[in-house]
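The values are calculated or read from the model by the stated rules, or taken from the named source; none is laboratory data. For clarity, every value in this text was computed on a predicted model and none was experimentally measured. Cβ placement follows ideal geometry from the backbone for every residue including glycine, while neighbour counts extend to all protein chains displayed.
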Amino acid sequence: MNVRGPLLEVGEVREVSTRYGERDLVELTVRPDGGAREGERSEPSTRTGSGATREHADPVTVTLWGKWTHTAEHAEEGMELLVTDAERDDYGDREGYTTSSESYVVLEPDFLVDVTDVRSWVQCPRMYYLNKLSGIPLNYPVVKGTVVHEVFGDLLRGVNLEESIDDRVAEAGLELGLLGMEREEVADEVRRNAAAIQGWLNQGTLATDDDTSAGGENAAERDESGSADAGDGANASLSEWDGGPDESEWRSEYTLISPTFGIKGRADALRRGQPVELKTGKNTKRDPRFQDKIQAACYALLLRERGVDVDTGTLLYTKNTALDRGEESGDLSPAKEFSVGKGLLEFVVRQRNEIAAAEFDVSVPTGYEADATCEYCFEQDTCMVVSGRLDQESKAGQIGTALPEEEREYFDRTYRALEEERRETHAEYRKLWEQTAEERAADDRALIDLVPVSEEPIGDGRWRLTARKETDAVSKLREGDVALASDGDPASGHAELGRIRKLGDEVVVETDEPVELHRLDVYPSELSVSRMHTAVHDFVLKGDPDRKDVLFGRRDPAFADRSSAGGPYIDNNDAQNAAVERAVDAEDFALVHGPPGTGKTYTIARIVRALVERGDRVLLSAFTNRAVDNAVEALREQGFEDVLRVGTETGVRGDMQDLRLVTRGEPNDRAAKLNSAPVVAATTSSCGSRTMREQEFDVAIVDEASQLTEPGTLAAVNRADRFVLVGDHEQLPPVVRAENHLRESLFQRLIEDHPDAGVMLDRQYRMSQRIQAFSSREFYDGKLRPATPEVAGQTLADLGVDTADLPPELRDSVSFVDPNGTREGNANPVEADRVAEVVDAYVAAGVDPDDIGVIAPFRAQVAEIGRRTDVTVDTVDRFQGSSEEVIVVSFVATGDLSSPIFEDTRRVNVALTRAKKALCLVGDAEALATEPFYERMLEWARR
DNA sequence: CCTCTGCAAAGAGGA
C-alpha cells in the first residue's frame, strides 16, 4: 500500500541492531491524505476504508530504513511524502508503516523533475542551478548532438540514412550558419556518428530478421556480436513489452511522465522496452559515464512504473567507431550496456528527492552537496563568477565583486517568483492524471471520446493521426498547438506529443509515432519559465551597467535631441508625433501609453521607420504573434518591407509568411539572412531563444508591454542598447499563475517612476463619444477624446441601420439589459438566451453579423452563448487588441460580484472599449450595483 | 477566473 501525505514531524536518524546487523532508521509523522486523491492508480491508500475524512485523518508513523534515511535528512515539516509499497507496522497505539524492500520514498511527488536535471544534479547541484539560470547556449557540440539524435530517430523509423542526414542538417541550417559551419563538414561529421549507430543497429536487426515471428527470441546471437552482455532479463521483458504489432524491436522518442516519482522526460529510444540513450561523443572508458547511466536509469524507473520489466540500460557513444578504435581496444564499441538494479533506481529517486527538497525552499545549491571536484570542472570559472556577483556560497569559491544589494535582491525575488510559476505549471501536469477524463474535458483542457479514423505515415518517419470529434465540445486547444495525443490515458497509456493540424469535426494531429487517437490534452510547458530565467540572468549578470543604473533607479533616463532634425514624423496627431520623437530621442528608453483605438500600431510602425532611417537596427517585438504581425502589417502599409519575421510557421500569420525567416537551408545563407536584416520582428518568447540571444540591435520596440511580465519584457530588451515600450497599463495586466510581483509589468513600473519618459496617445479613432466617455473618465482622467468629429458622432445609421427598427431598449448607442437570469457555475443560460436575442435584434435591424462581437468573462459562458449564435463570441482577454462595430457584453454574475475576475476593473475597460458604434451591456443590475465602479457603469449605460 | 508561447532535448572536460 502507498502512504502519502504532508510531513508533520521528521525524526533523527539513529542506528539500531537488527537480526541483519546494525541498520539506520528514522521515524516520520505523516498525516495521510491519500483517500482524497482519485488519481492514485493501483494501490489502495491508507485512508481507504478507514471511514475518516481527510481533515480528521490521524497522523501515522512511517519508519524509513537504510538508505532512505538519506531522503529523511532532506525532508522538512510541510513537505509531501510518498512511500510506495509500505508495510503495516503499528507502533504502540498508533497506526504505523515501514518501508519494505519494494518501497520507494518520494519527497514532494508533485514537483516534477526533468530527467536531464537529475543528470546534471548528480554531476554537481551547482551545475543544475547554473543551467537553469543561463539556459543552453548556441554552440556546435550541442547543435550537432541534436542533429545526430534526429538522424538516430529517423534510422529507427526506417528513413534512408543519406536522406535523413541531408534533411536534418538542412533543418539546423540557421543555427549551423550562425556558428560558422559549412553544410558538408557537418554532414560528414554526422555521417561518421551515424555510421556507428547504423553498424550497431544492423547487429540488432540480424537477430530479429532471423526470427520472423517478431519475438526476437535469439538474443543470444545478439550477445555474440560483442557489444551486448544483457542476461536473461532482457528476454523476460519481451513478453511484457507491448509495443504494438509493427514495433517489436524499436521505438524512438518516448515521452514519460511519472506521477509517482515526480520525474518527467523523453527517452531517445526503447529497444525491446529497454531504454537506449544516445551520446554524440566518445567514451574511452570501460563503463558508461556515471551521469549518462543516471539518465538511462531514470527512464528505466519510469518504464518499470508502467509495468515494463527493465533491467538493462544502453548507452550509445557515437564516436566510438572502428575508425577511432585502437587495434585491440574492444571497449570502444559504441554500445555500452549496464544492468539497472534496484539499488541504482533507488539512488536515482534519492537524488531526485534532493532536488525536490532544495526547490521546496527555493534554496541555491552550493556544490557541497556533491562530491564533485571543482578544480576539474569545466564550469568552474562561470560558477565562481556567478557566486561572486550574487554573493553566493559555493564550493568553487567566488571571484569578482558582488553586485549592488538592490540588484541581488531583485534577482532573488524574481528567481523565487519564477520558481512559483514553475510550481503552478507542475500543477497543470498533475491534472493530467489527477483529473478524470471528464473533469479534464469540463475544464477545457482536453478533448475526449475522439473516434480514431486513421494512422498514416507521411514521410520522414512522421505520422498523421485522424479522429472524429462527435460532440460540439470546446477546449483551450487550438490549431497549431503542441498537444498530448493519447489512447485515452495520457498518464499511463500510450501518449505522444504532436502538433494539431486540424481541429473541427475532424481532428488531425502529426506525431513521431502512431497512437490510437482517443484523446487530446493540453500539454503544459516550462518553456516560458526557463526563458524568463535566462532573461533575468542576462539582464542582471551580463547586462549593461548603464542600463541597470536606470532600471534600478540610480539615474533618470536620458534623452538627446535627434528628432528636431528628423521630424516632424506625423503631422495630423501631435501626441503620436511626440511619441515618435520621444522614441527617437531616447538614450535609454521611451514609453508610449496607448489607450484603446489611439493608433498604437501605426505609431509603432512610424517609430521603426524613423529609427531605420537613422541607421539603427531594430527589433520589433510583442507578447503575442498577433500583435507582432499587426505591427509588421502596419509597416508594410507604410511601404516598408525590409522586415524579417522570426517565428514558427504556425505562429506567423499566413499573409506574413513571405517575410518569415525559414531556418532550414544552407547555413551561411540562413545566417546571413538573419544577421543582415535591419528590422527583425518576433514575439518576446522568441527573443529568448538560443538563436535570438546571439543577435544585437540598437533599439528594441515592445508592443503589448503592459501585458508582459518584467522578465518577459527583458527577453526582448536585453537584445538592444535602447528600448521603447508600448502599452496601456489600464488594460489587462500580465497573466501569471502564482500570486507574486510578476503581475506588475515593467511598462507600468517605469511609467509610474518616470512619467516624463512617456507620451500618452490621447486621441482615439475607434469609439463614438458616448461609448468612450465612461472609459475616458474612469481610466484616463478624462484625457482620452475622439480624434475627429466623425469618430465622435458615428452611429449605427452609418451602417445603413435605421434605429427605429431596433427594440426601444437598444436604440441608444450604449444600452443596458437585465435578463433576470441566474448564474450557474460560470455560465448564465437565461442571460445567454437574452444575449442571443439582442444579437438577433441588431441583425434584424440590418447590422452585418460580421460586425458584431460578444464578450463574456468566462469561457463557460462564451461556450453557452456560442451555442446560440453564429457571431464571434470570446472572452475579454482574447478580445484585447481588436474591435467591432457592435459589442454585446455578458456579465454572468447575479446577486453579487463574488468572483476575482470582477475585481480587476481593467478587464471591464477592455470589454467596453471594443465597440465603435453600439454597445449593449447584459447583466444583473442588482449584482452590478453592489460595487461602486459597476454602479457608475450602470448609471452611464442607462443614462 | 482570465491567458500567452510553443515539442524536448541536445555536449564535454578530467584526477
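Data for the structure
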| read-out | value |
| --- | --- |
| Selection from region A:888-915 of residues that are buried (at least 24 other Cβ atoms within 10 Å of the Cβ) and away from DNA strand B (no atom under 15 Å from the Cβ) | A:V888, A:L912, A:T913, A:A915 |
| A:F559 vs. criteria touching a helix residue (DSSP H, G or I) at 6+ places or on another chain (Cβ under 8 Å) and over 29 Å from A:E637 (Cα atoms) | yes |
| Cβ-Cβ under 7 Å pairs, at least 6 apart or on other chains, region A:889-916 side over 30 Å from A:G793 (Cα atoms) and not assigned by the TED database to the domain that holds A:P596, far side within 14 Å of DNA strand B (Cβ to nearest atom) and of a type in the set (S, T, Y) | A:A893/A:S899 |
| Any hit, region A:539-550, residues being more than 28 Å from A:V612 (Cα to Cα) and either within 16 Å of DNA strand B (Cβ to nearest atom) or in a loop (DSSP other than H, G, I, E, B) (or both) | no |
| A:V515 being within 16 Å of DNA strand B (Cβ to nearest atom) and not assigned by the TED database to the domain that holds A:I257 | yes |
| Options A:E189, A:E185; residue that is in a helix (DSSP H, G or I), more than 32 Å from the chain's Cα centre (by Cα) and within 13 Å of DNA strand B (Cβ to nearest atom) | A:E189 |
| Check on A:R478, outside the structural domain of A:I865 (by the TED database) and in a strand (DSSP E or B) | no |
| Region A:398-411, residues that are surrounded by 14 or more Cβ atoms within 10 Å (Cβ to Cβ) and either touching a strand residue (DSSP E or B) at 6+ places or on another chain (Cβ under 6 Å) or not in a loop (DSSP other than H, G, I, E, B) (or both) | A:E407, A:R408, A:Y410, A:F411 |
| All positions within region A:142-160 that are among the polar types (S, T, N, Q) and near DNA strand B (Cβ under 8 Å from one of its atoms) | A:T146 |
| Subset of region A:257-302 [among the aromatic types (F, W, Y) and either within 26 Å of the chain's Cα centre (by Cα) or farther than 27 Å from A:S103 by Cβ (or both)] | A:F261, A:Y299 |
| Pair list, Cβ under 6 Å, 6 or more apart: region A:639-664 residue outside the structural domain of A:G177 (by the TED database) and touching a residue at least 40 places away in the same chain (Cβ under 8 Å), other residue outside any helix (DSSP H, G or I) and within 10 Å of DNA strand B (Cβ to nearest atom) | A:V646/A:A682; A:T650/A:G480; A:L661/A:V646 |
| Test result for A:V364, in a loop (DSSP other than H, G, I, E, B) and either more than 30 Å from A:T84 (Cβ to Cβ) or under 26 Å from the mean Cα position of the chain (by Cα) (or both) | yes |
| Close pairs (7 angstrom Cβ cut-off, 6 or more residues apart or separate chains): without any contact (Cβ under 8 Å) to a residue 12 or more places away in the chain in region A:134-148, within 7 Å of DNA strand B (Cβ to nearest atom) anywhere | A:V142/A:I136 |
| Residue in region A:102-111 that is within 11 Å of DNA strand B (Cβ to nearest atom), under 25 Å from the mean Cα position of the chain (by Cα) and either within 30 Å of A:C377 (Cβ to Cβ) or crowded, with 22+ Cβ neighbours inside 10 Å (or both) present | no |
| Contacts under 9 angstrom Cβ, first residue in region A:469-483 being more than 8 Å from DNA strand B (Cβ to nearest atom), partner polar (S, T, N, Q), 6 or more apart | A:E479/A:T650 |
| Single condition A:N353 does not satisfy, out of (1) within 15 Å of DNA strand B (Cβ to nearest atom); (2) not in a loop (DSSP other than H, G, I, E, B) | (1) |
| Residues within region A:254-305 that are within 16 Å of A:V340 (Cα to Cα) and more than 12 Å from DNA strand B (Cβ to nearest atom), tallied | 12 |
| Odd one out for A:D287, checked against (1) at pLDDT 85 or above; (2) within 24 Å of A:E354 (Cβ to Cβ) | (1) |
| Residue match in region A:450-460 (condition: over 24 Å from A:R499 (Cβ atoms) and either over 23 Å from the mean Cα position of the chain (by Cα) or surrounded by fewer than 17 Cβ atoms within 10 Å (Cβ to Cβ) (or both)) | no |
| Flag if A:D818 is in contact with a helix residue (DSSP H, G or I) (Cβ under 8 Å, 6 or more places away or on another chain), in contact (Cβ under 8 Å) with a residue 12 or more places away in the chain and surrounded by 15 or more Cβ atoms within 10 Å (Cβ to Cβ) | yes |
| Number of positions in region A:361-384 that are more than 13 Å from DNA strand B (Cβ to nearest atom) and either among the basic types (K, R) or crowded, with 16+ Cβ neighbours inside 10 Å (or both) | 5 |
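Residue by residue, here is whether (1) outside any strand (DSSP E or B); (2) within 25 Å of A:D117 (Cβ to Cβ) holds:
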position	(1), (2)
A:P490	yes, yes
A:L497	no, yes
A:K502	no, no
A:E510	no, no
A:P514	yes, no
A:D521	no, yes
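Yes/no matrix, rows are residues, columns are (1) within 14 Å of DNA strand B (Cβ to nearest atom); (2) in a loop (DSSP other than H, G, I, E, B); (3) in the same structural domain as A:A804 (by the TED database); (4) on the phi > 0 side of the Ramachandran plot:
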| site | (1), (2), (3), (4) |
| --- | --- |
| A:D833 | no, no, yes, no |
| A:D840 | no, no, yes, no |
| A:V843 | no, no, yes, no |
| A:D850 | no, no, yes, no |
| A:V854 | yes, no, yes, no |
| A:A863 | yes, no, yes, no |
| A:D870 | no, yes, yes, no |
| A:D874 | yes, no, yes, no |
